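Here the structure comes first, spelled out in structure tokens, and everything after it is commentary.
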Amino acid sequence: MKLFFLITLLTSFFHTQTLAQHEILKKGISDVGEFFNGQYYIINNGEDYKITILDRDLNIAQQFVRDGDGPAEARRVQALYIDKEAQKLYVLRQAGILMVFNSELELTEEINFGRNINATGMMISGDKIYFSMNNFYLIEAGDAELVLLEFANLNNPDNFVQITIPFSELSVKNLSMLQNVRVATFQSRFVHLNDEFYAALLGHSTLYQLDLEKQEIKKRIEIEYFEDVKYEVVHQEQFGYGFRSPGLSTSLFTFNDLVITSHSIVNNSFNETHLIVYDPVTGLLDKISEIDTMVEGPVVKIINDFMFFYEIFEQYSNYLEIQKIKHYQFD
């Protein structure tokens, strides 16, 4: 059976003069996505304004959410969600404050969750709010649960539910040296497609289909293309012991009713970026390789007619690359 997919052989590098000249795209990029009216947003926490809006021609149209602690301000934007039907924009900032804006970017409401939420992504549907999480795992605590998805009722945010996997489910090289590591960080991502939720843990080669009613994992989809690439405990004379992610599963997104993960593998000898395409209808997986980009170990997102690339290995990215895509078909 053939799988049809709108993707690129990465023909033309699309990088306008406006993009190259605006420094705003070079400080603290942590997410990109589709905004209202065919525009795009960039979360850039290294700037005085934390969110940048690009028009359809990728020119900077507007910047908002100034650095600060006052109304409509943030020291850090954790996550962003756009409800196009309701014409609302939700911005989660530090200290668990959810800011609600209208389509004119006017602040209309603030919701205080009363606790810090280390979110990497967010979605709101009805009276429910969903988060993917930044997991900080203390090695000395022993086997622990890593959060794939957390959700709660907006009217009762203290009563939240988590769907997790145990740390022991991860494949780790040099496991005998793990006791020398103090803490490791694992970021989860999730997407919602046709009433189903899918999640991934960055650096782990498994895609999870979730059952929110039963609060459990419904299906594990193993990505066998990368079975030899694992987390590992490493030692460097200058820094001591650490826990290193191989760079797998650097992003998770949907496109044309498909679930897609980007996988970037970086070491001293090579730098590879792949897209893994999962078709929920057929249950088939396919791999697209030879993704050509100047960004090393990138996060990859496909939005409308463009592919966005930015780094994942630093806390904040310094460079955003955008390429035009074309139709591509494979078996």
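Laboratory data are not the source of any read-out in this text; all were calculated from the coordinates shown. Note that the coordinates shown come from a computational prediction; the quantities given were computed from them, not determined experimentally. Glycine also receives a Cβ, built like all others from the backbone with ideal geometry; neighbour counts cover every protein chain displayed.
Take Asp57 and Asp195, extend 7 Å from each Cα along the Cα→Cβ direction, and tell me the distance between the two endpoints in nm.
Here the modelled spin labels are 4.3 nm apart.
I want to check the label-to-label distance for Glu104 and Asp211. Put each point 7 Å from Cα in the C-beta direction and report it in nm to one decimal.
Between Glu104 and Asp211, the simple spin-label model gives 4.8 nm.
Test of understanding: what is the full-extension gain from Ser125 to Ser289, defined as 0.36 nm times their sequence separation minus their Cα-Cα distance? Spell out each step's value before the answer.
Working: separation 164, 0.36 × 164 = 59.04 nm, distance 3.46 nm.
Additional length available on full extension: 55.6 nm.
Provide the FRET efficiency to the nearest 0.05 for the Lys324-Gln162 pair, computing r from the beta carbons and using R0 = 30 Å.
Once rounded, the FRET efficiency stands at 0.15.
Would you please give the FRET efficiency between Lys84 and Phe239, computed as 1/(1 + (r/R0)^6) with r the Cβ-Cβ distance and R0 = 45 Å, to the nearest 0.05?
Efficiency, rounded to the nearest 0.05: 0.50.
Need one number: nm distance between label points at Glu296 and Leu154, each 7 Å from Cα along Cα→Cβ, rounded to one decimal.
4.3 nm
Based on other C-beta atoms within 10 Å, arrange His274, His204, His192 from fewest to most. Walk me through the numbers before you get to the answer.
Working: His274 19, His204 23, His192 13.
Least crowded to most crowded, the residues run His192, His274, His204.
Long-range amide H contacts for Ala79: which residues qualify at under 5 Å (H placed 1.01 Å from N, peptide plane, sequence gap of 5 or more or a different chain)?
Leu92
What list of ³J(HN,Hα) values in whole Hz, one per residue of the range 152-158 in order, does the Karplus curve 6.51 cos²θ - 1.76 cosθ + 1.60 (θ = phi - 60°) give from phi, with Gly and Pro shown as x?
In residue order, the calculated couplings are 7, 7, 4, 7, 9, x, 6 Hz.
Once the piece of chain linking Asp305 and Lys219 is laid out straight, how much longer is it, given 0.36 nm per residue of separation minus the C-alpha distance between them?
27.9 nm
Each residue of the range 160-171 in order: what ³J(HN,Hα) in whole Hz does its phi give by Karplus 6.51 cos²θ - 1.76 cosθ + 1.60, θ = phi - 60°, with x for Gly and Pro?
9, 10, 10, 10, 10, 10, x, 4, 5, 6, 6, 8
Please work out how much length the chain gains when fully extended from Thr254 to Asn116, using 0.36 nm per residue of separation minus the C-alpha to C-alpha distance, in nm with one decimal. Don't skip to the end; give the middle numbers.
Values: separation 138, 0.36 × 138 = 49.68 nm, distance 2.80 nm.
The span from Thr254 to Asn116 would gain 46.9 nm if fully extended.
Taking a 18 Å limit on the Cα-Cα distance, which of the listed pairs Lys84/Lys324; Lys84/Lys214; Lys27/Lys50 fall beyond it?
Lys84/Lys324; Lys84/Lys214, as the Cα separations exceed 18 Å there.
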